[in-house]
Each structure stands twice: as structure tokens, then as C-alpha cells.
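Visitor: Sharing a structure with you now.
Each value in this text was obtained by applying a stated rule to the coordinates, not by laboratory testing. Source: prediction; values computed, not measured. Neighbour counts are summed over all protein chains in view; Cβ atoms, including those assigned to glycine, are modelled from backbone coordinates with ideal geometry.
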Amino acid sequence: MKHPVFAANWKMNQAPADAEAFLRQFLAYYPKTQDRTVIFFPSALSLHTVTIALQDRSDIKVGVQNIHWEDHGAFTGENSASIARGAGARYTLVGHSERRHVFGETDEQAGKKVAAAVRAGLTPLFCVGETLAEREAGRTVDVVLRQLRAGVAEVDKAQLHTFLLAYEPVWAIGTGKTATPADASTVHMAIRQELRTLAGARGEGIPILYGGSVNRGNAGSLLAAPEVGGLLVGGASLEADGWASIVRN
Ligand code: PGA
């Protein structure tokens with residue numbers, strides 16, 4: 001039996017008042033359940049509002065979209081993992097394609113962020129994914145596994161079983177193009193194999209989420225694919241009833 005994980009990446013959307021209105025609606029559509037996990041990644045400035053709105057819903061988790069790799073210091077505009085944790089976050093995205101491709105984040109920086117998250121007691125949801133050019137050059141699995149190895153390079157592999165991973169092909173994010181369930185599965189199986197190599201039997205239970213233009217129409221078939229342990233959703237997580245129908249899959 002799968003215990004799917006549904007993660008909503010709100011990106012730079014949902015001001016505190018919007019987040020509050022969203023959650024009022026969403027919670028009415030989504031009664032407490034223990035057979036799946038829902039995680040919201042709001043803007044850091046809406047995090048407090050979201051944690052307050054969810055204080056009676058221990059089944060729903062909250063995280064931040066980004067952290068700095070240092071624990072504190074002169075980094076104007078940045079948030080550390082320990083500040084995020086103090087503000088109520090329990091998870092953090094790391095290595096999202098927009099961080100890598102819009103903000104130029106490197107494999108090495110992503111690895112340092114994963115280590116900072118672990119130090120502060122945040123669970124990383126570590127994202128990997130190839131560009132269209134890399135896919136067309138037949139390099140998908142190489143790229144994804146390189147990103148994965150770099151992402152966990154600085155952490156004790158005994159910690160890995162607490163992580164979440166996401167495979168998000170860059171060409172599928174926000175484009176309306178989705179990997180087929182079979183294509184997603186092929187990459188997820190390669191990731192699973194690498195997790196077994198890195199973490200032994202403990203690598204078996206790490207959920208691998210798929211992301212990239214997931215919507216209420218394609219969520220069910222993606223989730224049913226072998227080794228797809230959940231979904232990481234951007235655009236389709238911004239509307240309460242649509243998101244509720246995705247998490248009820
Ligand atoms: P999308 O974004 O669902 O809008 O494609 C997914 C993501 O960026 O995590």
C-alpha cells in the first residue's frame with residue numbers, strides 16, 4: 001500500500017490573506033486522514049499564517065521553499081534553516097529547478113543546503129530533473145543521479161531515509177507538458193536504485209514524488225505508476241477545490 005505524499009509548492013503566490021482564505025476552503029474539502037501526507041510550501045512571509053491555520057491539523061505539514069546554507073550571519077534577504085524551523089517549518093524544498101535555473105544555484109550549493117536543513121532538523125524535499133536539451137541528448141538518468149549524489153554528498157547516509165525526493169523534469173514545470181507515467185517511472189526506478197546504493201535497505205522507503213504540470217486530470221495515472229510515491233504540484237495547488245481533488249487521489 002502506498003502512503004502518498006502530496007506537496008504544494010506555492011512559489012511566489014498566496015499572500016497571508018490569500019493563504020488564509022485558501023486554507024479555510026481547503027480544510028472544508030479535506031477532512032483529517034492518516035493514509036497520506038499533505039505538505040504546503042508557502043512563501044516564507046505567509047508561513048506563520050499557514051502554521052496558525054493548520055494548528056489543529058497535525059496530518060498536514062508545512063515547509064519553506066528555500067533556505068541559505070549558513071546557519072546565521074550577514075546574508076541580507078536570506079533565511080536560514082534554523083530561522084525557518086523556529087517559524088514553524090518542518091520541511092524545506094532544496095534544488096528546485098527554479099532555484100537551479102533562474103537563480104543559478106549549483107549542485108554544490110544544493111548539497112550545502114541539504115546539510116544545513118539536516119543540522120536544523122528540517123526534512124529536505126530534494127528536487128532533481130533534466131532540461132529538454134539534456135533529455136534529447138539521452139542524458140536524463142546521468143543528470144538526475146549526478147544531482148542526487150551532489151545533493152546528499154555532505155550528509156550522513158544513515159539520515160537519508162528521512163528525506164523526500166522529487167523528480168521534476170525542467171521541461172515539464174509550468175509548461176503544461178507532463179512526463180508519461182511510464183517515463184516518470186523509468187527515472188524513479190533509476191533514482192530508487194541509486195538510493196539503495198547510497199542507503200542500503202533504508203533507501204527503499206524514501207518517497208520519490210513526481211512533479212511538472214500535474215493537474216487533477218493526470219494526477220491519478222501518475223500516482224499509480226510504479227515508484228511514484230507522491231506528487232509535487234505548483235500551479236494546480238493554488239486553487240482549493242482542485243488541490244483537494246488531487247490530494248484525494
Ligand atoms: P507546476 O510546478 O506544477 O506548476 O508545473 C511544479 C513545481 O515547480 O514544483
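Visitor: Go through the stretch 6-37 and give me each residue that's closer than 14 Å to I52 by Cβ and touching a His at 6+ places or on another chain (Cβ under 9 Å). Reasoning before the result, please.
Guide: Of all residues in the stretch 6-37, those closer than 14 Å to I52 by Cβ come to 16-17, 19-24, 27.
Of everything in the stretch 6-37, just one residue is closer than 14 Å to I52 by Cβ and touching a His at 6+ places or on another chain (Cβ under 9 Å), namely P16.
Visitor: Take the conditions out of contact with any Leu (no Cβ under 7 Å at 6 or more places or on another chain) and of a type outside the set (D, E, K, R) and apply them to I60. Does it pass?
Guide: No: the conditions fail for I60.
Visitor: Next up: Scan the stretch 122-135 and tell me whether some residue there is in contact with a His (Cβ under 9 Å, 6 or more places away or on another chain) and away from the ligand (no atom under 16 Å from the Cβ).
Guide: No; the residues of the stretch 122-135 include none that is in contact with a His (Cβ under 9 Å, 6 or more places away or on another chain) and away from the ligand (no atom under 16 Å from the Cβ).
Visitor: Could you please give the count of residues in the stretch 193-229 that are part of a loop (DSSP other than H, G, I, E, B) and within 16 Å of the ligand (Cβ to nearest atom)?
Guide: Counting residues in the stretch 193-229 that are part of a loop (DSSP other than H, G, I, E, B) and within 16 Å of the ligand (Cβ to nearest atom) gives 10.
Visitor: Can you name the residue in the stretch 51-107 that is β-branched (V, I, T) and under 25 Å from V170 (Cβ atoms) and, of all such residues, is surrounded by the fewest Cβ atoms within 10 Å (Cβ to Cβ)?
Guide: Only one residue fits best here, namely V102.
Visitor: Taking the stretch 164-176 on its own, how many of its residues are more than 9 Å from the ligand (Cβ to nearest atom) and surrounded by fewer than 23 Cβ atoms within 10 Å (Cβ to Cβ)?
Guide: Within the stretch 164-176, residues that are more than 9 Å from the ligand (Cβ to nearest atom) and surrounded by fewer than 23 Cβ atoms within 10 Å (Cβ to Cβ) number 2.
Visitor: Could you give me the residue pairs with C-beta distances under 6 Å whose first residue belongs to the stretch 35-55 and is closer than 16 Å to N66 by Cβ, whose second residue is of a type in the set (K, R) wherever it lies, and which are 6+ apart or on separate chains?
Guide: Sorted first by the residue in the stretch 35-55, then by its partner, the pairs are I39/K61.
Visitor: Give me a count of the residues in the stretch 70-99 that are of a type in the set (D, E, K, R), within 16 Å of the ligand (Cβ to nearest atom) and in contact (Cβ under 8 Å) with a residue 40 or more places away in the chain.
Guide: First, pick out the residues of the stretch 70-99 that are of a type in the set (D, E, K, R): 70-71, 78, 85, 90, 98-99.
Now drop any that are not within 16 Å of the ligand (Cβ to nearest atom), which leaves 98-99.
Now narrow it down to the ones that are in contact (Cβ under 8 Å) with a residue 40 or more places away in the chain: 98.
Total satisfying the criteria: 1.
Visitor: Here's a follow-up. Name every residue in the stretch 14-50 that is among the hydrophobic types (A, V, I, L, M, F, W, C) and in a helix (DSSP H, G or I), in order of residue number.
Guide: A17, A19, A21, F22, L23, F26, L27, A28, A44, L45, L47, V50
Visitor: Suppose the filter is away from the ligand (no atom under 16 Å from the Cβ) and among the small types (G, A, S); does G63 pass it?
Guide: Answer is no for this residue.
Visitor: Something else about it: Given (1) in contact (Cβ under 8 Å) with a residue 40 or more places away in the chain; (2) under 17 Å from the mean Cα position of the chain (by Cα), identify the lone condition not met by R192.
Guide: (1)
Visitor: Going by the structure shown, is L232 more than 9 Å from the ligand (Cβ to nearest atom), in contact (Cβ under 8 Å) with a residue 40 or more places away in the chain and either in a helix (DSSP H, G or I) or closer than 21 Å to V170 by Cβ (or both)?
Guide: Numbers: more than 9 Å from the ligand (Cβ to nearest atom): no; in contact (Cβ under 8 Å) with a residue 40 or more places away in the chain: yes; either in a helix (DSSP H, G or I) or closer than 21 Å to V170 by Cβ (or both): yes.
Judged against the criteria, L232 is not a match.
Visitor: Follow-up question, since we're still on this one. Pairs needed: first member in the stretch 168-180, in a loop (DSSP other than H, G, I, E, B); second member anywhere, of a type in the set (A, V, I, L, M, F, W, C) and within 8 Å of the ligand (Cβ to nearest atom); C-beta distance under 9 Å; at least 6 residues apart or different chains.
Guide: E168/C127; E168/L232; T178/A172; T178/V214; A179/A172
Visitor: Any chance you could count how many residues in the stretch 108-122 are surrounded by 18 or more Cβ atoms within 10 Å (Cβ to Cβ) and acidic (D, E)?
Guide: Selection size over the stretch 108-122: 0.
Visitor: Return yes or no: is A179 touching a strand residue (DSSP E or B) at 6+ places or on another chain (Cβ under 8 Å), closer than 24 Å to K112 by Cα and buried (at least 22 other Cβ atoms within 10 Å of the Cβ)?
Guide: Numbers: touching a strand residue (DSSP E or B) at 6+ places or on another chain (Cβ under 8 Å): yes; closer than 24 Å to K112 by Cα: no; buried (at least 22 other Cβ atoms within 10 Å of the Cβ): yes.
So A179 does not fit the description; no.
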